[in-house]
Structure formats: structure tokens, C-alpha cells
Ligand code: COA
């Protein structure tokens, strides 16, 4: 339970955060109907409305379930946590790379040679150890909310899962295990992946942590050992890139052998994985670095030089392609950002911590993880490699660095930058498809105990009215009408955001009602077997704001085969967008979406410009009322 003390800003004994609230049933049902009305056919909506009204009627099933949820809220720290974790991650059978694991992409590093790259890696590991020490001492300063409703303390629990979590694949559902042992008994090793081999790097020798020079020397030994072709073992890591059920089956086959069991135990208890990647021979543009971080480039590149079950994987490519890959189940992107920023500052900002030769010990050489593979397992490895390759070939990614303006300009317009960007994304989608679709925007609910996220459904009716006015071919809408619709859309989005971050969104609540019915062996309520409910949970547009204060960006893949992932990083004078989709779906194209997004951002800016020029016309011109003009991408 997150307990905090205001004066010191440290996670310690003090005032507990409130529990996630449970919204009133009627409020959720009304919002649900409002969210779906303009996205489904009229006939379908009538049906849905009747079903929702019956569900919510006095004495109806909804009331019974709401009562059970209220009891659950009383009894648990966070009534939605387990349901949400299972639904969002653990029950999902798709492969983790691209489909689930978000990544941070570091700026391209320039390494003079391999030793230089290993020096960077050694420093990164040292930074990880320092950060872990802060976590173990519970000494991380408490985060406070920024942006909307700024200033409230946020739950820090996600940080305490960074280095001690492991996601076990299961035949039906995965299991996230979090070791909450005392820091002193926690394992003190990391796993280093190099040329698809895995090595145990003990970070403690004679009860003392290794310094940077010692870590470097261990990494050099690992590099050398990995080059020994005779000792090379099959690329076991590729199994973890497979669908979760396939990986669970393969893991069952592996565990029949004691050697494999021992290796898995070391893997599953490590702090994190460090992936020393081979150069890829590709031009290191933003888009290329993003895809390499998402899937490692497939079988022929670094696709098997990973272990996706582990929460934190740090990637150091010998060609300077570096970043972080996370399993999403233990924490949100914000935690990955905070740690990544800490590491980048640590690596670039602090003086070199190379120890004097006299103080260097010679710890025992790192050990290679051994695997026993029979022909059956060899066959599974080949099949996993094929499936990974298909995922790699399927990913259509486009990173847009929109540098015409950023959030400063939007703030000057007295609009919420996040809401503005969401409305621009809706306009872009409408330009491409002539319709809006169910959209997901993650909203943090860390203001509450163990809070993770809920969903801001950004395809609001007001957004639809706005995008229709902007794309109306007859040109029937005046600037002031479009401007009014823009403001309405932004207000609707902002209001939904505030509702979501204060625990009043609908997705978690509806999921809770569905799950509690199942828990009590009740018949599945009609509202959840209704077509509208399933289509409203197909998030064709899956978006998330992940802001950084250090130069780097986050990205992830689409969550449905016919969808887009759109992660954005608003900065004061530019915005980075990472748009992903799948080539196999002929209805999507990241390049087309990015082009439409670029146009949308320019058109909205132009509209605001014309409106503010019109508003200031009577006054003397040339007062700098209009907004900066630069052409787009
Ligand atoms: N006029 C002028 N300025 C405004 C404004 C207005 N009308 N509305 C907002 N602003 C300012 C804010 O004060 C804030 O200022 P700051 O930069 O000094 O902090 C800034 O604009 C940004 O606010 P806004 O764009 O409204 O959004 P936000 O920062 O509150 O973010 C969410 C909204 C939903 C993204 C955020 O609440 C959230 O939940 N973030 C986490 C998302 C997440 O979980 N991502 C990872 C998923 S893995």
C-alpha cells in the first residue's frame, strides 16, 4: 500500500492515498451510451440502449453487481487491479514484442569501437544498480501529478516492481510474480544476452558491488565467451518472443531437463537483462531504431537476443542503437521513462567512474546459461523463429517528428495540449477513413492506491462534429463555426480526461461489472454479449501520451490487427509521434496516417491563426497576434 510522508516526499509512513472510487452505475451507463451512439448503426444503438436501460433499472442485474463491487472495494486495496491486470495483459495470448511490450528509444549513440560500446553498457549497469539501491531503500522521491489537477501525490508501487517481477507464460493465462523479499536476500545478478547466448553476471563479489571498471571487464569476458563458436548454444530467447500459449508449451518441454530448469531459475530471478546487440547494418533513423527496439530485427538480427518475460531489458547495440524494452504488466510507461531518463543522465552527465587499477578486483568469470535441446525443442525454436519473422515483416512503423509547433503554442491558445493532440489524431483518422472508431487513450489513475490506468474514449461526439466540419467538401462551415466545434471537442476531451484521472471513467467499471458477475457464477449480462460492447472494446486507435524530459521517445505496436498504435511525446516546440500498424491489413498505412496527421495539425493551427487574426482585426495589425508559420514535414 503506498504510504507517503509529505515533508520529505519519500515513500514512508504517513498519509495513505485514497482507494480507486467506484462510479455510480447510472453515470457509467449514460456515458457508455454517449460514447458509442455515433460509432454504431442507429438500429444497433437502439438495441444497446434498451439493453443498458434494462441492466441499469431499479432492482436490475446492474444494481446487484454494483453492490458486489462496492463490497469488493471495501475489502481490497484496489477493486479493479486484478481484473484489469488479467484482462489487459495476463489473459492476452499474443506475443509480447510489438503487441504488448512498449520500448524506449535512446538517441543514436556514436561508439568508436566495441570497447566504447561496452563502456557505455558498463556505465548503464552501474546506473541501474544505483537506481535499484534507491528503490531498495524506498528512497525514491514521490511523484506528484502534473498537467490537469496538478500537485496531488501519486502512487509509487509500480516502481517497486521494476527489478523483481517476472511474467511466467501460461497455457491459458500468464502469471506475474513479484518477489517482495527483503532487499538483503534479493538475487544480485543480471543476465547478459550476447549473440543469442545468455550469461550470468553477478554484480556482487565478496559482499561488495562491482564498480564500473569491474563490470566492463566482466562484459569483455562475456563478449569473448560469446564468440567461441564451439560453445554456442541454440537461440533459446526466441521462444519468449512467441505467442504466450506457444511459449508456455515450449517452456513445459524445456523444464523436463534439470539443466534447463537451473538456467530458467537463474533467468527468472535476475534483476534485469542487458542485451548486447550485433550491428544491424541499417541506417539508424528514428523509425529504424524504433522497430529494432520493438522486435530486434527478427531471427537474422537480434530477435533472439532477448528474454521478453523479464520486466526490464536494456539494449546496447554495437552500432549505437540503444534503448529499453519492458514487459508492460508490472508497470506503465511512466516508470520506464523515469528510469530511462535517470540512466541517460547518469551515463552522459556524471564524470567517468572508472576505478583506479589498484582497487580493481578480479571477480570470477561470468557463467553461460546452459540449455539441453532435443529435436522436439529444436523444432519449437524454428517455429517460434518463423512466427517472429512474420511479426517483424508485418510491422509498419512511421515516426513523425512534427517540428512546426509544440505544446507551448497550444497552451498560448488556452487549450490543453493533450486534448488538442487527441482531436488532431481524430481528424487524421477521419481523413483516412471517413469515420471515427473506438479510441483508447491511457489515463493514469495513480492518484489512488495501486492505481494503474483507465481509458479516455477520445472519439467523442464533439470530436466527430469537429472533424466533419473540417472535412466537409462543400465548404459550408465558416471559420467561427469550425472554431466553436474545435473548442467543444477540446472541452469534451478535457472533461473526459479529468473524469478519467479522478477514477470516473467507464472502462474499468464495465470490466468490473462483467468480471464480478463471472466470479459469482452469474449468467453473462446481456450488455456484455451485445455487439456494441465488443466493438467498443476493439481499439482501432490506441493512443498514449508518454512525455520525456530527456531526448528519447517511447513507442508500441497496434493492439488489434486492423488498428493503429499512436504514441506521442509533446515537447515545448515539437511533438514526436510514433505510428504503427500492420502491413497485412490493407486498410491501414502508417505513412498515410502520418501524412494526414501532419496535415491535421497544420490545418488546426491555421484555423486558430485565422480566428485569432479575425478576433484582433479591429486593433492595430502587426501585433504578433498570429501564430508562427512554418511548413510541416
Ligand atoms: N490552457 C493553457 N495551458 C493548459 C491548458 C489550457 N486550457 N490545459 C492544460 N494546460 C497545461 C497544463 O497546465 C500542463 O502544464 P505543464 O506542462 O506546466 O504541466 C500542460 O498544459 C499539459 O497538460 P495537458 O496537455 O492538459 O495534459 P496532461 O499533462 O494533464 O496529460 C494525460 C493528460 C491524460 C496524458 C495524463 O493525465 C496522463 O494520464 N498521463 C499518463 C498517460 C500514461 O499512462 N501513459 C503511459 C501509458 S503506458
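The values are calculated or read from the model by the stated rules, or taken from the named source; none is laboratory data. Note that this is a predicted model, so its numbers are computed, not measured. Here Cβ is always computed from backbone atoms with ideal geometry, including for glycine, and neighbour counts include all displayed protein chains.
Annotations
- Matching residues in region 247-265 - criterion: being buried (at least 18 other Cβ atoms within 10 Å of the Cβ) and in contact (Cβ under 8 Å) with a residue 60 or more places away in the chain: 247, 248, 250, 251, 254, 260, 263
- Among the residues here, residue 109 qualifies as away from the ligand (no atom under 16 Å from the Cβ), within 29 Å of residue 572 (Cα to Cα) and at pLDDT 95 or above.
- Applying the criterion of at least 2 residues that are touching a strand residue (DSSP E or B) at 6+ places or on another chain (Cβ under 9 Å) and more than 23 Å from residue 575 (Cα to Cα) to the helices (runs of 4 or more DSSP H) found wholly in region 437-551 leaves 479-501, 507-519.
- Residue that is nearest to the ligand (Cβ to nearest atom), among those in region 571-590 that are farther than 19 Å from residue 437 by Cα and surrounded by fewer than 21 Cβ atoms within 10 Å (Cβ to Cβ): 572
- Cβ pairs under 7 Å, 6+ apart, first in region 1-30 and closer than 25 Å to residue 455 by Cα, second part of a strand (DSSP E or B) and at pLDDT 95 or above: 17/153
- The residues of region 149-177 that are surrounded by fewer than 19 Cβ atoms within 10 Å (Cβ to Cβ) and within 18 Å of residue 17 (Cα to Cα), listed by number, are 149, 150, 151, 152.
- Residue match in region 402-425 (condition: in contact with a strand residue (DSSP E or B) (Cβ under 7 Å, 6 or more places away or on another chain), farther than 30 Å from residue 20 by Cα and away from the ligand (no atom under 16 Å from the Cβ)): no
- Qualifying residue in region 553-561 (condition: under 30 Å from residue 53 (Cα atoms) and within 16 Å of the ligand (Cβ to nearest atom)): no
- Note on region 146-197: residues that are within 15 Å of the ligand (Cβ to nearest atom) and in contact with a strand residue (DSSP E or B) (Cβ under 8 Å, 6 or more places away or on another chain) total 8.
- Annotation: of all residues in region 407-424 being surrounded by 19 or more Cβ atoms within 10 Å (Cβ to Cβ) and over 19 Å from residue 483 (Cβ atoms), the one that is farthest from the chain's Cα centre (by Cα) is 407.
- In region 411-425, the residues that are in a helix (DSSP H, G or I) reach residues that are more than 7 Å from the ligand (Cβ to nearest atom) and at pLDDT below 95 with C-beta atoms within less than 9 angstrom, at least six apart or across chains, in these pairs: 412/627.
- Residue check for residue 595: closer than 26 Å to residue 427 by Cβ and more than 16 Å from the ligand (Cβ to nearest atom): yes
- Annotation note: of 387, 447, the sole residue that is within 16 Å of the ligand (Cβ to nearest atom), touching a residue at least 60 places away in the same chain (Cβ under 8 Å) and surrounded by fewer than 22 Cβ atoms within 10 Å (Cβ to Cβ) is 447.
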